[in-house]
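Reviewing the structure listed below.
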Amino acid sequence: MGRFSGQAVIVTGASRGIGAATARAFAREGAQVLLTARSAGSIETIAGEIRAEGGTAAAQASDVSRWEDLADAVQRCRDLYGRLDILVNNAGVIQPIGPLATSDPESWAHAADINFKGVYHGLRAALPVMQNQRSGIVVNLSSGAATSPLEGWSHYCASKAAATMLTRCAQREAKAGVRVVGLSPGTVATDMQVQIKASGINPVSQLDPSVHIPAHWVAQAILWLCTDDAAEFAGTDVSLRDEDIRARIGLSVDA
């Protein structure tokens with residue numbers, strides 16, 4: 001029996017990278033997982049692979065920038081599994097990378113809708129359910145960009161900073177038994193880093209790919225944040241760059 005046996009989990013942005021690794025990790029630990037992303041085919045494939053390995057998973061096409069999509073995802077989770085125990089607000093985009101002065105207002109605003117309003121939509125849909133249950137955890141994927149300005153990333157830095165404040169506000173309002181926490185994973189070996197590297201803008205694009213941590217490290221950190229051992233971090237933004245945090249999770253070079 002896994003650590004999350006019987007619990008119902010929604011992971012947004014679950015079609016690849018951190019989201020896909022997190023959905024798989026929860027399923028291996030006994031959770032019933034609903035994968036959401038805009039790319040329906042990808043999440044259907046991953047959900048099918050999870051089921052083939054003996055896990056419980058379903059997929060639902062969802063755009064986090066649309067409130068109705070998140071509300072529908074939460075309802076689908078309840079219809080399938082009878083409850084919602086954990087929401088991982090993972091969906092995010094790095095494009096459009098480029099100078100603020102020449103940015104396209106529509107594209108800039110849409111990125112903010114995903115990275116910031118998407119977190120709000122998830123919280124707004126999940127919190128009433130969790131508060132009625134008197135239990136539940138929301139993990140919001142943050143970034144060092146929330147506190148460190150970087151050229152070419154005005155949309156990303158600003159929206160991640162806003163999402164970090166949402167974590168703090170939501171925890172202030174959380175009822176007994178409900179926890180909201182952020183996770184700043186650092187640079188991760190995903191498709192996003194490929195896009196960053198190709199841009200050639202700011203110091204992050206100059207990093208050697210060998211320094212990026214694997215997506216399954218982040219998945220392990222998310223699962224740990226949903227355990228009692230991490231309850232003290234409610235309302236904060238936990239950094240996976242912190243060696244003490246890595247040690248508590250059990251991460252190492254060979255993890």
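Read-outs: derived from the displayed coordinates by stated rules, not from any lab. All values reported here derive from a predicted model rather than from experimental measurement. Cβ placement follows ideal geometry from the backbone for every residue including glycine, while neighbour counts extend to all protein chains displayed.
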Hey, fewest Cβ within 10 Å first, where do Lys117, Lys160, Lys175 land in order? Lys175, Lys117, Lys160
Work out which helices of the chain, taken as complete DSSP H runs, extend at least 30 Å along their axis over the Cα atoms and score a mean Kyte-Doolittle of 1.0 or more, then list them. none
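Provide Met1, Met192, Met165, Met130 in ascending order of the number of other Cβ atoms located within 10 Å of each residue's Cβ, fewest first.
Going from sparsest to densest Cβ surroundings: Met1, Met165, Met192, Met130.
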Find the centroid of the Cα atoms in the stretch 72-126 and in the stretch 206-255, then give the distance between the two in whole Å. 22 Å
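Report the relative contact order of the chain, percent, no decimals, based on alpha-carbon pairs under 8 angstrom and at least 6 residues apart. Before the final figure, lay out each step's value.
Numbers: 504 pairs, mean separation 44.8, N = 255.
Relative contact order for the chain comes out at 18 percent.
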Per the helix-only calculation at 222 nm, which mean residue ellipticity applies to the chain, given -39500 (n - 2.57) for every DSSP H run of n ≥ 4 and division by its residues, nearest 500 deg cm²/dmol? -13500 deg cm²/dmol
Dipole magnitude (debye, nearest 20) for the chain, charges at Cβ of Lys, Arg, Asp, Glu: 500 debye
Based only on other Cβ atoms within 10 Å, what is the fewest-to-most ordering of Glu232, Glu151? Glu232, Glu151
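Summarise the long-distance tail of P(r) for the stretch 8-244 by giving the % of C-alpha pairs beyond 27 Å.
Values: 8099 of 27966 pairs.
Beyond 27 Å sits 29 percent of the P(r) for the stretch 8-244.
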Give the residue from Gly48, Ala20, Ile137 lying farthest towards the positive end of the charge dipole for the chain; charges sit on Cβ (+1 for Lys and Arg, -1 for Asp and Glu) and the dipole is referred to the Cα centre. Ile137
